[in-house]
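Asker: Below you will find the structure I want to go over with you.
The values are calculated or read from the model by the stated rules, or taken from the named source; none is laboratory data. Note that this is a predicted model, so its numbers are computed, not measured. With ideal geometry, Cβ positions are generated from the backbone for all residues, glycine too; neighbour counts draw on all protein chains shown. Protein only, heavy atoms only, side chains kept; ligands, DNA and RNA dropped before computing areas. Shrake-Rupley method; radii C 1.70, N 1.55, O 1.52, S 1.80 Å.
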Amino acid sequence: MFKIKKMTVHYGPLPALKEISLEIGRGEVIALIGPNRAGKTTLLLTLSGILETTEGRIYFEEEDITNLNPHQIVSKGLIHVPQGRHIFPTLSVLDNLLLGAYTKRKEKEGMEESLEGAYRLFPKLSERKDQRAGTLSGGEQQMLAIGRALMGRPKLLVLDEPSLGLAPRFTEEIFDALKKMNQNGLTLFIVEQEIHLTLSISHRGYIIKNGRLIKEGPSFALLESQEIKDLVGI
Ligand SMILES: Nc1ncnc2c1ncn2[C@@H]1O[C@H](COP(=O)(O)OP(=O)(O)OP(=O)(O)O)[C@@H](O)[C@H]1O
Ligand SMILES: [Mg+2]
């Protein structure tokens, strides 16, 4: 469904990603694991069209999407929940959700269905729909960021550290929801530092270090790998 071939990305003269190749099949949950500053966010920003590649190609559903603009990529169904959430704090929860459907404005019925889907997954959003988003807790804001992405009806949902800064209780709630979303057929690409939890819900994973992928494999095998033990610091 999704493929990156030998992608290199620079910030000015400095390479941040070097010859990255990876694949995601329809229905898979794929993890990208790596230490701080490894290039995880850079990789997600590039596949969403926010940063440009220097070399290499990106394909989504057989189509070359390399260096299309972010709007074009979102409308193809590749949707990104950014690191740090970036919700609109002064708008209501409902308005934040509706903004996620901006590429689907003409499909009123679909929009109500998506809204119900988001509320089913995160009932707290429904309870708080008229509240300003800035008054939500961190965990609820993450739910909102994910709910907003779902409003764009993704085929591939990409998440940048959804557990960042959250209490364990919220992290579990978020991961349960991610699992449900995948059971409903959604393909997921998750960047995380919560290594064990992420590898427990993903099918396969890649490990990134200093801008290069250093290992890939089924999640159960990665859990036992020396690379993961080094990362966790055992
Ligand atoms: N806007 C930028 N300009 C220049 N260099 C950048 C920029 N953003 C990131 N970098 C550098 O690129 C490298 C990769 O950063 P990136 O944010 O992709 O890492 P990350 O794996 O997401 O880290 P974290 O776990 O802290 O979120 C780092 O060395 C970082 O300093
Ligand atoms: Mg990051």
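Asker: Looking only at region 159-168, decide whether some residue is open to solvent by 50 Å² or more (accessible area, probe 1.4 Å) and in a helix (DSSP H, G or I).
Answerer: Among the residues of region 159-168, at least one is open to solvent by 50 Å² or more (accessible area, probe 1.4 Å) and in a helix (DSSP H, G or I), which makes the answer yes.
Asker: Are any residues in region 182-233 more than 19 Å from Ala38 (Cβ to Cβ), open to solvent by 10 Å² or more (accessible area, probe 1.4 Å) and among the aliphatic types (A, V, I, L, M), and if so, which ones?
Answerer: Once the filter is applied, which keeps residues that are more than 19 Å from Ala38 (Cβ to Cβ), open to solvent by 10 Å² or more (accessible area, probe 1.4 Å) and among the aliphatic types (A, V, I, L, M), region 182-233 yields Leu186, Ile201, Ala221.
Asker: Would you kindly identify the strands (runs of 3 or more DSSP E) lying entirely within region 11-104 that contain at least 1 residues that are over 25 Å from His203 (Cβ atoms) and basic (Lys, Arg)?
Answerer: Qualifying strands (runs of 3 or more DSSP E): 14-24.
Asker: How about region 1-15: which of its residues are within 19 Å of the chain's Cα centre (by Cα) and open to solvent by 20 Å² or more (accessible area, probe 1.4 Å)?
Answerer: Matches in region 1-15: Met1, Lys3.
Asker: Filter region 46-58 down to the residues that are open to solvent by less than 40 Å² (accessible area, probe 1.4 Å) and either of a type in the set (Asp, Glu) or within 17 Å of Ala149 (Cβ to Cβ) (or both), then identify the one that is farthest from ligand 1 (Cβ to nearest atom).
Answerer: Per the stated criteria, the residue is Gly49.
Asker: From Lys215, Lys179, which residue is away from ligand 2 (no atom under 16 Å from the Cβ), at pLDDT 95 or above and not in a helix (DSSP H, G or I)?
Answerer: Selected residue: Lys215, the only one of Lys215, Lys179 that is away from ligand 2 (no atom under 16 Å from the Cβ), at pLDDT 95 or above and not in a helix (DSSP H, G or I).
Asker: Going by the structure shown, is Ile24 within 29 Å of Leu166 (Cβ to Cβ) and modelled with pLDDT under 95?
Answerer: Considered against the rule, which asks whether it is within 29 Å of Leu166 (Cβ to Cβ) and modelled with pLDDT under 95, Ile24 comes out as no.
Asker: Right, another one. Filter region 16-45 for residues that are open to solvent by 40 Å² or more (accessible area, probe 1.4 Å), within 16 Å of ligand 2 (Cβ to nearest atom) and out of contact with any Leu (no Cβ under 7 Å at 6 or more places or on another chain) and give the result.
Answerer: Within region 16-45, Asn36, Arg37, Thr41 meet the criteria.
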